[in-house]
Amino acid sequence: ERREMRSATQGEKAALVQKLREEGYKLNYLLDAIGLSRSTYYYELSKTDKVSERNADLSSEIIVIFNENKKRYGVRRVHKELLNRGFRVNHKRVQRIMNQLALFGKCPKEKYHSYKGDVGKVADNIINRDFNTEKPLQKWTTDVSQFNLPWGKCYISPILDMNSNEIISYNLSLHPDMAQIKDMLKKAFKRFPSVKGLIMHSDQGWQYQNAFYRNELQKHGIIQSMSRKGNCYDNCIMETFFGRLKNEMFYGFEKDYPSFESFSNAIAEYIDYYNNKRIQAKTKWMPPSKFREASMM
């Protein structure tokens, strides 16, 4: 223990003395035992006070950002949001303060894979894992994911823009049927009527082989692309979104949604947050919708 104390910094020694003083030990005895002068002790305490004071405003803003985003942000996003708000701060300092405050963002869990059945192939894999785009409305992707809740199962079917990561449209339903796909497409084309030449990528699910789905894409001049059979990596952008969605508002919160209506409201709130508030590295630390608007100006 004495060897460890000899290698301790003056600040660490001062902190130990301060702690032991609070337990009733006399200062003079502590300073003699630890080998620290009185002047050095008070100097180290004043430095600690100044650091705490300097971090007070920053800590307060970090707590605000963390809570505004419902405890979903980790160090990287909190740091970028601080920069967006005019703070000049190193990410290591942000990490240190968040650790001190016990603020930890959501960590990814295993992704859900929804490939079903032994199906054929009706379109080539045009994307072929090339997710790069020059601007929005060039490549979209879609898939269906399942939620298991205490009262039953429900399914989400979204369309995601590969450039901005924006959710273009979605449908949440108790049944993974064509009515869900029709509603999703209707909402997407209402928002963006002119998408000729756009590529729509999916897996080989039965929904995307359906005549209605294929005809709707052709009607709007969209090129259909399909993953290889059962290969989730061919549509990893959508898999990533599903993992993020479930990790940030579903896993551990299942009992917070006692009905389909309450869960539907929570999904709508999350997607609005995701599109319009949640910053991402891919979108230059802007929300997806803001990034799309800036890209199309």
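Results, tabulated for the structure shown:
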| item | result |
| --- | --- |
| Options K196, K135, K153, K186: the member that is assigned to a strand (DSSP E or B) and basic (K, R) | K153 |
| The lone exception for Q224 - which of (1) under 30 Å from L82 (Cβ atoms); (2) surrounded by 14 or more Cβ atoms within 10 Å (Cβ to Cβ) it fails | (1) |
| Qualifying residue in the stretch 276-295 (condition: modelled with pLDDT of 95 or more, hydroxyl-bearing (S, T, Y) and at negative phi) | yes |
| Any hit, the stretch 245-256, residues being assigned to a loop (DSSP other than H, G, I, E, B) and basic (K, R) | no |
| Selection count, the stretch 233-290, where residues are small (G, A, S), surrounded by fewer than 13 Cβ atoms within 10 Å (Cβ to Cβ) and over 22 Å from N148 (Cα atoms) | 1 |
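The rows are residues; the columns are (1) touching a Phe, Trp or Tyr at 6+ places or on another chain (Cβ under 8 Å); (2) modelled with pLDDT of 80 or more; (3) assigned to a helix (DSSP H, G or I).
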| residue | (1), (2), (3) |
| --- | --- |
| Y73 | yes, yes, no |
| V94 | no, yes, yes |
| L103 | yes, no, no |
| E110 | no, no, no |
| K116 | yes, no, no |
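The values are calculated or read from the model by the stated rules, or taken from the named source; none is laboratory data. These numbers were taken from a predicted model, which means no experiment stands behind them. Heads up, the Cβs are rebuilt from the backbone with ideal geometry, glycines too, and the neighbour counts pull from every protein chain shown.
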